[in-house]
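Single-structure report; data block below.
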Amino acid sequence: MSDEQIVALLTEIRDLQRQNVENCKLAMERQQESIELQKQNAAFVQKMVGVRKKLIIMTVGSIGIVAFLLVAVSPGLFRMMR
């Protein structure tokens with residue numbers, strides 16, 4: 001191989017390595033963005049789970065109170081019906 005061919009080959013290798021470094025930087029930036037989005041989504045899901053838990057607790061509590069009131073009031077209703 002001539003010196004010119006070696007220089008051309010080394011130049012091409014250098015350019016490819018530079019491009020590879022740029023691609024790696026871009027990939028790392030996008031990976032970081034993806035991680036941030038995942039964190040945001042996880043926080044949103046946790047918030048929604050908390051809201052659903054509260055709604056379930058309130059619903060079950062309300063049903064319990066209504067059931068208790070029905071049981072507490074029903075003997076008086078039966079006496080009135082007789």
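Values in this text are rule-based calculations from the coordinates and carry no lab data. No experiment lies behind these values; they were computed from the predicted model shown. No Cβ is skipped: glycine too gets one built from the backbone with ideal geometry, and neighbour counts run over all protein chains shown.
Sequence-ordered 3J(HN,Hα) estimates for region 35-47 from the Karplus curve with 6.51, -1.76 and 1.60 and θ = phi - 60° stand at 4, 4, 5, 5, 4, 5, 5, 5, 5, 5, 5, 4, 5 Hz, glycine and proline given as x. Modelled label positions at GLN5 and LEU70, each set 7 Å beyond Cα in the direction of Cβ, lie 9.3 nm from each other. Across region 1-70, the volume of the C-alpha convex hull divided among the residues equals 50 Å³ per residue.
Of SER2, SER34, how do they rank once you tally other Cβ atoms within 10 Å and put the fewest first? Display every interim value, and only then the final one.
Details: SER2 7, SER34 10.
If I rank by nearby Cβ atoms, fewest first, I get SER2, SER34.
In order along region 4-16, phi translates into HN-Hα couplings of 5, 5, 5, 4, 5, 5, 5, 5, 5, 4, 4, 5, 5 Hz, rounded to whole numbers, per the Karplus curve 6.51 cos²θ - 1.76 cosθ + 1.60 with θ = phi - 60° and x for Gly and Pro.
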